[in-house]
Each structure stands twice: as C-alpha cells, then as structure tokens.
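The structure under discussion appears below in the form of structure tokens.
The values are calculated or read from the model by the stated rules, or taken from the named source; none is laboratory data. These numbers come from a predicted model, not from an experiment. Cβ placement follows ideal geometry from the backbone for every residue including glycine, while neighbour counts extend to all protein chains displayed. Ligands, DNA and RNA are stripped out before the accessible areas are found, and what is left, the full protein with its side chains, is counted by its heavy atoms. Shrake-Rupley method; radii C 1.70, N 1.55, O 1.52, S 1.80 Å.
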Amino acid sequence: MKIYILNGPNLNMLGVREPEHYGSTTYRDLLDMIERHCQEAGVEAICKQSNHEGDLVDWIQEAYFENADGIVINPGAYTHTSVALLDALKAVRLPAVEVHISKVEEREAFRQISYLRAACIKTISGHGVGGYLEAVDLLIAHANRNGKDSQ
Ligand code: CA2
C-alpha cells in the first residue's frame, strides 16, 4: 500500500514558531514519526511539502499516476482558498483525509471554511501531529474495507 502525505505552505516551519497553535514537534520530527508509523504498518509513505499551490496540484495528480492508495493532506492556508486543490482531489478520486494540527473550528472565522473537505472522506482537526497518523490508519482501514478506487 502506498500513501502520499502532502503538506502545504509554512508547515516546514513546524516547531520553529507558534507552538501555541502547532506544538513543538519540528517538520523533521513529523516526517520521522510518519515514516516509523508507516513502516510498522507496511505502508510506503511518500511525504512532500511545498509553499506553492501548483506543486500540491502536481503531487495530487502524481499520486493518481503512481497508483497510490490514498492521500493525507494538510493544505495549510490553501485549505481556505483553493478551488484548484479541490478540483485536483475530485479529479483523481483517491480517498483523501484532510488534516489540521490546530483546532481550526475554534479559530478565526476564515479558518472554518475548507474548500477541500468536500473531496475528503474525513477531516481530522485539533489532534496535533498525531492527526497525521490517525489519517494513515483511516486510509488503511478504508482500503481494507473497500479496496482500490473507492472514493
Ligand atoms: O492547523 C493546521 O494544520 C493548519 O492547516 C495550519 C496552517 C493554517 O493556515 C491553517 O488554517 C490550519 C498554517 C501552517 C503554518 O504553520 C506554521 C508552523 C509554525 C510556525 C508558523 C507557521
């Protein structure tokens, strides 16, 4: 099983600033956590981060062309603005889980809008970096229940 784990703008700054929202785990620590978790579960994890919307669109398409089983995505601020990412997720029809480290529903009003939610099987918000591991487990369970091409 192969899962793409995509992170959007500024998530490479994790652990560097704003620990009150995003905790003290660094982006490097997060990658190590995900790698370890996926290895234990026998899942190939392909982790990518970009500050550029088009890169994220390209990687959602790449997940499709590389026959991935699912996508975990924290689109960062593009969550609240990006029709392009919504369209990309809809186009590939892969099961996707949206992750937010902070509890977006308890923050500013503009963070409570997600353009991507409509194309995701689940949104996990406010569970810190553990949300990424939950998302991986959800995709594994989803694949076991439904097989490929199930969204
Ligand atoms: O809670 C989340 O995971 C967010 O997706 C994070 C985004 C934010 O725009 C969303 O509303 C919610 C921002 C990520 C910025 O990450 C930083 C980490 C450390 C220091 C500064 C920014």
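For this structure, a couple of remarks:
- Of the numbered criteria (1) open to solvent by 60 Å² or more (accessible area, probe 1.4 Å); (2) on the phi < 0 side of the Ramachandran plot, the one R93 fails is (2).
- Within region 94-106, residues that are among the small types (G, A, S) have Cβ atoms under 6 Å from residues that are within 9 Å of the ligand (Cβ to nearest atom) in these pairs: S102/H21, counting only partners at least 6 apart in sequence or on another chain.
- Annotation note: of N7, N51, the sole residue that is closer than 18 Å to H127 by Cβ, touching a residue at least 24 places away in the same chain (Cβ under 8 Å) and within 11 Å of the ligand (Cβ to nearest atom) is N7.
- A119 surrounded by 17 or more Cβ atoms within 10 Å (Cβ to Cβ), hydrophobic (A, V, I, L, M, F, W, C) and more than 10 Å from the ligand (Cβ to nearest atom): yes
- Matching residues, region 56-70, being in contact with a helix residue (DSSP H, G or I) (Cβ under 8 Å, 6 or more places away or on another chain) and either within 16 Å of the ligand (Cβ to nearest atom) or without any contact (Cβ under 8 Å) to a residue 60 or more places away in the chain (or both): L56, V57, I60, Q61, A63, Y64
- Any chance G147 is within 10 Å of the ligand (Cβ to nearest atom) and of a type in the set (G, A, S): no
- Scanning region 71-113 for residues that are within 11 Å of the ligand (Cβ to nearest atom), part of a helix (DSSP H, G or I) and under 15 Å from V57 (Cα atoms) gives G76, A77, Y78, T79.
- Scanning region 30-48 for residues that are in a helix (DSSP H, G or I) and touching a residue at least 60 places away in the same chain (Cβ under 8 Å) yields L30, M33, I34, H37, C38, A41.
- Contacts under 7 angstrom Cβ, first residue in region 109-129 being free of Cβ contacts under 8 Å to residues at least 24 places away in the same chain, partner among the β-branched types (V, I, T) and more than 10 Å from the ligand (Cβ to nearest atom), 6 or more apart: R117/T123
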